[in-house]
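The values are calculated or read from the model by the stated rules, or taken from the named source; none is laboratory data. Everything quoted here is computed from the prediction, not taken from an experiment. No Cβ is skipped: glycine too gets one built from the backbone with ideal geometry, and neighbour counts run over all protein chains shown. Ligands, DNA and RNA are excluded from the accessible area calculation, which covers all protein heavy atoms including side chains. Shrake-Rupley method; radii C 1.70, N 1.55, O 1.52, S 1.80 Å.
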Amino acid sequence: LAGMDGPDLPDKAVVFDIGAGVCWASCLAARHPKVGMVYAVDPSENRLHHGRFVVRHFGLEDKVRVVRGTFLEPNVPGKADLIILCGSFHHCYDRDVDRVFSTMRGLLKPGGKILIANEQYVDAIFFLKRILSYIKHFPGRKELYYYPLRNARKPDPFSGDHWRTRSEIEDIFARNDFKSLIFIQKGNLLQRGKVPF
């Protein structure tokens with residue numbers, strides 16, 4: 001939420017953290033002085049179970065509500081000033097991406113924003129690594145069932161990870177009438193003075 005402490009984030013802001021997992025990003029957001037309430041949404045009851053302990057650890061039970069929901073059915077009340085997808089957007093299936101953005105648009109207050117953080121994207125090095133890995137493991141290639149060379153970016157069947165390029169992510173934003181601003185953090189974010197909360 002660095003840079004979000006000015007007029008872009010109103011006092012007592014409502015935040016939806018969709019794909020919250022164990023709620024660590026929800027808790028970090030809740031500690032921001034302008035945030036009034038965070039709804040931590042995840043489809044996994046197991047992750048949310050652990051998330052409740054994280055919320056309790058930070059003493060934020062009054063500012064973080066844990067909700068079972070999905071990208072398309074987040075089950076949150078009202079509308080948000082900010083929607084966060086921290087390390088979760090790559091789990092969104094390609095077939096659902098436009099519907100997810102439509103859902104989020106309907107959940108935002110006027111002037112609201114979407115923050116997609118801790119997200120991966122692939123480049124030429126990714127493909128080179130896949131080719132080298134395939135060559136290295138060629139004798140046991142049958143075990144590489146979800147990384148065939150003919151579809152090197154096939155989603156991981158266990159985690160659902162999608163491997164999108166930066167331009168594909170920017171196209172998704174543009175296609176859904178959102179302007180994407182990409183920031184790449186270099187260096188140690190935990191150095192003194194760099195953490196905004």
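Among the conditions (1) at negative phi; (2) at pLDDT 70 or above; (3) surrounded by fewer than 13 Cβ atoms within 10 Å (Cβ to Cβ), ASP177 misses just one, which is (1). Of all residues in region 115-125, at least one satisfies being surrounded by 13 or more Cβ atoms within 10 Å (Cβ to Cβ), closer than 20 Å to SER88 by Cα, at pLDDT below 80 and among the hydroxyl-bearing types (Ser, Thr, Tyr). Residue pairs whose Cβ atoms lie under 8 Å apart, sitting 6 or more positions apart in sequence or on different chains, and linking a residue in region 82-99 that is in contact (Cβ under 8 Å) with a residue 24 or more places away in the chain and over 13 Å from ARG164 (Cα atoms) to a partner that is among the aromatic types (Phe, Trp, Tyr) and in a strand (DSSP E or B), are LEU82/PHE16; ILE83/PHE16; ILE84/PHE16. ILE169 meets each of the listed conditions (1) farther than 22 Å from GLU73 by Cβ; (2) open to solvent by 60 Å² or more (accessible area, probe 1.4 Å); (3) part of a helix (DSSP H, G or I); (4) modelled with pLDDT of 85 or more apart from (2). Quick one: in region 51-105, of everything that is of a type in the set (Val, Ile, Thr) and open to solvent by less than 30 Å² (accessible area, probe 1.4 Å), which residue is modelled with the lowest pLDDT? Only one residue tops the list, namely VAL97. Here ARG47 does not qualify as out of contact with any Cys (no Cβ under 7 Å at 6 or more places or on another chain), open to solvent by 30 Å² or more (accessible area, probe 1.4 Å) and farther than 20 Å from ALA117 by Cα.
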